[in-house]
Amino acid sequence: NKVMDIEKIDLVEASLSGSMAEVTVEFTSHMVMSTLDADGKIIEGDADRTVKVSDIWTFCRDVKSSDPNWTLVATRTG
């Protein structure tokens with residue numbers, strides 16, 4: 001699979017419980033989806049056609065932590 005472009009990124013939900021922040025983001029992209037065999041020939045999909053894909057990712061972070069990184073805690077398709 002190859003991401004051709006990101007159409008949009010939307011904040012779906014944000015919450016704070018104590019010092020734990022959680023954000024859910026929807027990524028809408030266009031991808032080329034194909035599977036190749038060992039010889040590089042397409043056995044599934046189409047290398048010339050893009051497909052619109054919606055992925056929803058949830059991240060969390062302790063806002064009191066000095067670590068600025070967010071942790072991915074869940075993914076699903078939209």
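The values are calculated or read from the model by the stated rules, or taken from the named source; none is laboratory data. All values reported here derive from a predicted model rather than from experimental measurement. Don't worry about glycine lacking a Cβ; one is built from the backbone with ideal geometry, like all the others, and counts go over all protein chains shown. Keep in mind that these areas ignore ligands, DNA and RNA; they rest on the heavy atoms of the full protein, side chains included. Shrake-Rupley method; radii C 1.70, N 1.55, O 1.52, S 1.80 Å.
Conditions first: (1) open to solvent by less than 80 Å² (accessible area, probe 1.4 Å); (2) among the hydrophobic types (A, V, I, L, M, F, W, C); (3) at pLDDT 95 or above. Val51 passes all but one, so which condition is the exception?
(3) is the only condition that Val51 fails.
Kindly establish whether Val23 is part of a strand (DSSP E or B), surrounded by 12 or more Cβ atoms within 10 Å (Cβ to Cβ) and modelled with pLDDT of 95 or more.
Taking the combined requirement at face value, the residue satisfies it.
Here's a check for you: in segment 59-78, which residue that is assigned to a strand (DSSP E or B) and open to solvent by 50 Å² or more (accessible area, probe 1.4 Å) is modelled with the lowest pLDDT? Give the derivation first.
Step one: of segment 59-78, the residues assigned to a strand (DSSP E or B) are 59-62, 71-77.
Within this subset, residues satisfying the condition of being open to solvent by 50 Å² or more (accessible area, probe 1.4 Å) are 62, 71-73, 75-77.
Details: Asp62: 98, Thr71: 98, Leu72: 98, Val73: 98, Thr75: 98, Arg76: 97, Thr77: 93.
Ranking the qualifying residues of segment 59-78, first place goes to Thr77.
Which number in (1) open to solvent by 80 Å² or more (accessible area, probe 1.4 Å); (2) touching an Asp or Glu at 6+ places or on another chain (Cβ under 7 Å); (3) modelled with pLDDT of 95 or more marks the one condition that Ile56 misses?
Condition not satisfied by Ile56: (1).
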